[in-house]
Structure formats: C-alpha cells, structure tokens
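The values are calculated or read from the model by the stated rules, or taken from the named source; none is laboratory data. Remember, predicted model here, so these are calculated numbers, not experimental data. Here Cβ is always computed from backbone atoms with ideal geometry, including for glycine, and neighbour counts include all displayed protein chains. Heavy atoms of the whole protein, side chains included, go into the accessibility calculation; ligands, DNA and RNA do not. Shrake-Rupley method; radii C 1.70, N 1.55, O 1.52, S 1.80 Å.
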Amino acid sequence: MTRLLSIFWHKLGSINLTVALCLLLTADLVWGYFCLNRRTALFTPLNDMGLIAWMQTYGINNLLFTGWFFLLLTLLTLLSVNTFACTTSRVVQLLRAKGPGGGRRLALKLAPHIMHYGLIVILAGYLCSYLFTEVLTSSTLAPGTHLSLPGAGGQVSLLAFEPEYYQGQRLAFWKDEVISPKARLLLSDGASQREEMLSCNRPVRFQGYSFHLIDFAPKSLGGMKMKTRIDLNIRKDPGVGLYLAGMALFSLGLFFYVYDWIVYREAHK
Amino acid sequence: MQSNTTMYRLAGGLLTLITLITLCGCNSDSQSGTEKTTGEERPAFLQIGEFAINRISPDRTEVRDGAGRTLVLIPRKAPMPADCAPNQVVRVPVQRVVAYGDFDIATLRALGVQETLVGVTRSKEHWYVPEIKRGMEAGRIVYLGDASSIDFERLNQQQPELVLTWDPSIIPLLDDLHIATVVTTTPQAMCLTARMRFVQFLAPFFHKEKEADAFFARIDASLRDIRARTAGVAHQPKVMWGDVYEKRVMVEPGNAWVGELVGLAQSDYQFEDVFGTSCIEITVERFLYSGQDADIFFTYRTGSMGATSKAALAKLNPLIKDIGPLQRGRVYAPLPHYSQSGDKLDEILTEISAILHPEVYPDYQLHYFVELPDTDPIAAKEASHDRI
C-alpha cells in the first residue's frame with residue numbers, strides 16, 4: 001500500500017505531467033481566446049456573482065463557449081497538485097541531505113521551491129476570491145447621495161466628481177475628454193468621518209470593503225449632457241489576503257534566488 | 001522511452017477529457033432551452049445579451065439588468081425577502097411604469113401592457129403612437145420633462161412601481177423614493193438576438209411570458225424568411241450605418257443588431273470590425289475610408305434633422321460628399337416614427353432586407369425609411385429657376 005502511494009505520489013509530481021499540463025493549458029487558452037472574442041457578456045458576471053453561481057447559470061448553459069474555462073480550472077488544479085507534489089518531494093530531499101553551508105545555504109537552495117509554493121498560494125487566493133467574494137454590483141452614486149454598507153453600519157457619500165480632462169494639443173479627438181476620473185468620497189462609520197479620493201486604478205478600502213470605480217458620467221466636457229454619477233463595484237474579498245501572502249512568498253523566493261545567483265555563487269566561484 | 005509512453009498516455013487521457021467536455025457542451029447547450037423548467041415549459045436561466053433571467057422558484061425570479069444590477073421579482077403579496085436590499089425587489093406584475101426609451105415603450109406594446117405606462121420623457125407632439133397620444137390627452141400618461149431634466153416631483157406623483165431608463169444617475173434618487181429602476185441599455189450594443197429577445201427580458205415583470213414568446217417567434221419567422229429570400233442573391237452590397245456630426249463621427253458597430261442583420265442578409269457591413277457600444281464614435285478618416293466603396297448609407301438623421309437629400313447631407317457635412325453612397329449609391333434616412341416602432345421589429349428587419357436586396361422584394365413599399373433623392377425638390381427647382 002505504501003509502495004503504491006509512493007508510486008502515485010511520484011507520478012503526481014512527474015515533470016512529464018508538468019510538460020503535458022503546460023501544453024494542454026496552452027491549447028486550452030487558445031481555445032479560450034476564440035471563445036472570449038466578442039463574448040465578454042458571458043464572462044463579465046463571473047466578477048460579481050461568484051464562481052459557483054456563474055457555473056450553474058452562464059457556465060452550464062453555454063458549454064460550447066465556457067467549456068474551455070471549466071477545463072482551465074481542471075488543468076490549473078492538476079498543475080497545482082503536480083507542483084505541490086514535485087516541490088514537496090524536492091524539499092524533503094533537500095531537508096534530508098545535510099550539505100555544506102548550513103541553514104543559509106539551505107534557504108538559498110529552497111528559493112525556487114518557495115516560489116512554487118507562492119504560486120500555489122496565489123492560485124488558491126484567486127479561487128477563494130471567485131468562491132467567497134461578496135459583491136454589491138453597480139451601486140450608483142450621484143453628488144450628495146449616499147449608500148449604506150450591509151451589516152457594517154458604514155455610509156459612503158459622493159462629495160464631488162473631479163475628473164481631469166485632456167487639454168493637450170497632440171490628440172485633437174481627446175480634447176476635453178476625461179482622462180482621469182476622480183471621485184471624492186466621504187466615508188463615515190457613525191463615530192468618525194474621512195475623505196478619500198477614488199479613481200480607476202485606486203480603489204478605496206473601508207470597513208473590510210473595497211470600492212472600485214467601474215463607470216462614470218459625464219465622460220467629456222462637450223457632447224451629450226449627462227448627469228454626474230459614478231458606478232461602483234463594492235467587494236468584500238477574503239482572497240486578497242491569501243494572494244498577497246502568495247505574492248510575498250513568491251517575492252521572498254525570488255529574492256533568495258537572485259541573492260544565490262548574484263552574491264553567493266559569484267563569491268564562491 | 002517509458003517516460004515518453006507515460007507522457008503520451010497522460011496527454012491522450014486529457015485530450016479525451018477535452019473531447020468529452022466539448023461534446024457535453026454541444027449537447028447541453030442545445031438542451032438548455034427546455035431541460036430546466038419551473039413548472040411551466042420555460043428555461044430556468046435565460047441570457048439575453050448582457051441581460052439575464054434566472055427563475056429561482058415560482059415565487060422568485062432574479063434578473064440582471066443592463067448595468068449588471070440584480071433585481072428580485074416576487075409576487076405582489078409575497079413577504080419581503082430577507083436576503084436582498086428593498087431597492088432590489090420588484091413586485092410583479094408591475095402595474096405602473098415610467099419609461100425613458102422608445103424601444104422600452106415599444107416593448108411594452110409588444111407585450112400588450114401599454115396601459116401600465118404612466119410617464120414618458122418626450123412631449124406629446126413628438127409621439128407617433130396613437131395610444132400614447134391618447135393617454136397623454138386623457139392625462140393618464142404624463143410628460144415628465146426631458147430625460148436630462150426630469151421633474152421628479154411629478155414622477156413621484158405618478159406613483160410608478162418601475163422606471164425603465166438608460167440613465168443610471170437617477171437610481172440613487174429613485175431608491176430614496178422607493179421606486180425600482182431597471183437600466184435597459186447595455187455597455188455593448190445589443191446584438192440581433194438580444195434585440196429580438198429583449199421582450200423576454202421585460203416579460204417576467206408583467207407575467208407576459210407567453211406574449212413575449214409569441215413576439216419572438218414572429219420576429220424569428222421574419223428572419224428565417226429574410227435568410228431564405230437572400231440566400232441566392234448575386235450581389236452583396238456594402239453598407240454603412242451612422243453619421244458625421246459637427247465634432248464627432250458615430251456609427252453602429254459590427255456587433256450591433258443592424259451590423260448582424262446586414263451580414264445575415266447577404267451584404268457586407270463596412271464597420272463589421274468595430275466592436276462596442278451602440279452609436280460608437282470612430283475617426284472621420286475611418287468613416288471616409290469605409291465610405292469609398294460603400295453602396296448604401298443609412299443615416300441617423302431624420303428629415304427634420306436635415307437629411308432631406310444627398311445634396312443636403314453633403315452640404316451639412318462637406319467631408320462626406322465624396323463617399324460612394326452619396327456619389328453613386330443609395331442613402332436612406334429613418335422616418336420620424338421609425339424609432340418608436342420597435343414592436344414592429346419584424347417589419348423593420350424585412351424593410352432593411354428589402355432595401356439591401358430590392359431584386360428579391362419586388363414592389364416593396366418603404367414604411368420606416370425613405371430613400372433620399374439627389375437634390376431637394378425645392379432646391380432643384382430654385383437652381384433651375386436661377387439658370388433660367
């Protein structure tokens with residue numbers, strides 16, 4: 001039984017399996033490219049309704065165009081298991097072998113494996129996001145209006161929309177178009193208040209929620225007169241911590257790896 | 001050698017998995033329309049472009065509107081669900097509606113629920129629909145002001161249960177008034193299927209699913225007729241749909257229903273590669289490039305907006321005077337009632353097809369578009385008078 005498990009474990013961590021999975025992932029993503037083209041409406045809800053609900057609705061009813069995504073999940077799971085088995089086998093070997101250089105040398109030898117573990121944690125973080133994120137979709141705010149956060153007792157108000165318009169001369173068709181939408185928000189939790197500036201690439205965090213700007217109006221000084229508004233995606237994402245931890249782990253491994261190459265190996269030439 | 005064999009086996013196994021999933025995919029996709037039902041023979045989940053309907057139970061339907069907001073439809077006397085915000089809940093069948101868009105109102109007519117309409121954003125003289133004119137005269141339907149400056153006090157007096165709008169900026173105010181809002185436009189242009197099925201998206205709000213299905217079947221039949229008639233045509237005209245304004249050039253993208261229809265009717269749409277929102281902005285250079293060899297041009301402008309003749313259009317936009325349709329082809333302008341005739345979508349689709357291929361629609365009389373003459377009759381008369 002132990003021998004069988006050992007064989008299974010080695011097969012699971014096989015480099016041949018890694019190569020096969022990478023080739024299949026490439027082929028699957030090519031398939032995905034053609035399925036995604038002009039069918040973004042099928043996949044956009046995945047960002048707010050969660051993976052399970054999406055699979056039960058959009059996913060299962062459009063398998064011809066979403067099949068590649070189900071396969072991607074399967075392949076990524078297999079790749080994670082393969083990476084874990086392969087990395088763990090190597091780590092166990094390294095820990096058992098008492099080579100020269102002590103703990104510092106061992107840490108440097110573990111660098112690529114730390115990166116591999118980091119990658120697995122990042123993937124787990126994304127899976128966690130898609131499974132457990134709580135999303136309030138398209139909450140719209142106009143100047144002077146507010147919205148309440150469920151369960152948290154907090155309130156978010158839009159104080160002002162202060163976009164930057166293109167005023168350059170080079171791109172005439174961009175003249176007076178918004179190039180950087182910025183919204184000044186007032187965040188209050190009953191006891192205290194604070195102002196934050198929200199823009200496309202700068203979400204605001206408050207009471208465990210993150211606020212993301214997804215649309216706004218008006219988009220230019222001229223043209224059709226649209227009333228001022230911002231559309232927000234408000235998310236409570238438990239996966240963020242996990243993939244930030246994964247990134248930190250990956251960065252640590254990368255640091256050890258670079259240190260090993262630049263400092264240690266150069267010094268011991 | 002052995003490792004190679006293992007690899008081939010693994011790859012073979014996974015390829016088999018892909019094939020199985022793909023085959024299942026084809027199978028499930030074709031069955032999705034009828035397999036999952038909730039008592040009635042109706043799909044549990046229906047995606048219509050960026051809209052969606054998810055029938056959770058006989059007493060609960062969740063819909064996703066054009067802005068990606070989820071609304072929960074419950075029977076009028078059902079208790080308020082605890083798992084969603086009150087502003088997400090719509091009690092159905094809805095009895096009083098305010099609508100911004102012409103197509104929304106046309107869809108209400110297609111469903112046979114036009115009597116629920118109590119407010120519009122177009123004054124009486126701009127309406128060509130007799131029921132709405134009569135409703136406004138009787139005071140049942142109220143003009144709420146222009147869409148950009150709605151009189152919310154008047155809107156509130158009309159006590160609507162639902163507002164159909166393209167303007168999400170009114171949502172916070174309507175939330176305060178406890179009026180449900182549905183955004184009926186989408187970030188991407190509606191494709192042909194979405195345009196045809198939009199009626200099925202609004203149907204659950206009024207318990208008019210059968211009427212919606214009948215409407216869709218009618219449009220589908222007209223589309224099949226178009227496909228059959230145009231299948232063997234020899235010439236594929238090149239078509240453009242849009243206009244050049246003072247500072248901007250707007251066209252219908254290839255993913256819009258008109259772009260798809262042109263392709264389906266054995267014609268070439270010149271903006272097939274343009275993807276995005278309806279009435280999308282492109283560069284004037286692109287418009288002129290596509291116009292060089294185009295045969296037919298549909299302008300957004302109506303006669304009252306200056307589209308009275310090719311010469312008048314060229315005078316409005318000297319830049320476009322040399323494009324193919326103005327020089328040697330045909331130009332069509334919508335008639336004023338066109339935008340309010342969405343409930344006659346089958347006739348509109350047929351008319352567009354008849355314009356593209358007059359050879360397979362002999363003696364067809366236009367009802368929604370007008371072909372622009374080379375010059376305005378009056379201008380031509382004046383010119384000949386000057387020559388004399």
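Brief remarks on what is shown
- The range B:183-239 and the range B:47-66: distance between their alpha carbon centers, rounded to Å: 19
- The range A:159-269 shape via C-alpha gyration tensor axes, a/c threshold 1.5: oblate
- In the complete set of protein chains, residue-level accessible area for B:E272 is approximately 90 Å², probe 1.4 angstrom.
- Carbon and sulfur %, accessible surface of the range A:135-236 computed with the full protein complex present, 1.4 Å: 51
- Degrees, to the nearest 10: A:2-12 long Cα axis against longest axis of chain A: 50
- From phi via Karplus (6.51, -1.76, 1.60), per-residue ³J(HN,Hα) for the range A:105-116 in Hz, x at Gly/Pro: 5, 4, 4, 5, 5, 7, 3, x, 6, 4, 5, 5
- Rounded to 5, percent antiparallel among DSSP beta bridges of the protein assembly as shown: 70
- The figure for A:M55 is an accessible area of roughly 50 square angstrom, using a 1.4 Å probe on the protein chains alone.
- Low-density loop cleavage sites - trypsin sites (Lys or Arg not before Pro) in the range B:56-104, where at most 16 other Cβ are within 10 Å (DSSP): B:R76, B:K77, B:R96
- Only helices enter this figure: runs of n ≥ 4 DSSP H residues, each worth -39500 (n - 2.57), summed and divided by the residues of chain B, yield -11500 deg cm²/dmol at 222 nm to the nearest 500.
- Net length available on complete extension from A:Y264 to A:K11 is 87.7 nm, with 0.36 nm assigned per residue and the Cα-Cα distance removed.
- For the range A:36-111 and the range A:196-234, distance of Cα centres in Å: 32
- Residues B:R224, B:R195, ordered by accessible area of protein heavy atoms at a 1.4 angstrom probe radius and largest first, appear as B:R224, B:R195.
- Using the Karplus relation 6.51 cos²θ - 1.76 cosθ + 1.60 with θ = phi - 60°, the per-residue 3J(HN,Hα) values for the range B:193-205 come to 5, 5, 4, 6, 9, 3, 4, 6, 6, 7, 3, x, 5 Hz, with x marking Gly and Pro.
- Alpha-carbon centroid distance for the pair the range B:299-368 / the range B:262-296, whole angstrom: 15
- Each Cα pair under 8 Å and six or more residues apart adds its separation to the average, and for chain A the resulting relative contact order is 20 percent.
- Amide H contacts of B:V370 (H built 1.01 Å from N, under 5 Å, at least 5 apart or other chain): B:A333, B:L335
- The range B:237-388, accessible area per residue, ligands and nucleic acids excluded (1.4 Å, Å²): 46
- Shape of the range B:151-214, Cα gyration tensor, a/c cut at 1.5: oblate
- Cβ-defined net charge surrounding B:C84, 15 Å radius [Lys, Arg +1; Asp, Glu -1]: -3
- Remark: relative contact order (chain B) = 13 percent; criterion is Cα-Cα distance under 8 angstrom and separation of 6 or more residues.
- Value at 222 nm in deg cm²/dmol, rounded to 500, when DSSP H runs of n ≥ 4 in chain A each add -39,500 (n - 2.57): -15500 deg cm²/dmol
- For B:I56, the amide hydrogen comes within under 5 Å of the amide hydrogens of B:T61, B:E62, counting only partners 5 or more places away or on other chains and with H modelled in the peptide plane.
- Cα shape, chain B, gyration tensor, a/c 1.5 rule: oblate
- ³J(HN,Hα), Karplus 6.51/-1.76/1.60, whole Hz, each residue of the range A:242-255, x for Gly, Pro: 5, 6, 5, 5, x, 5, 5, 5, 4, 5, 4, x, 5, 4
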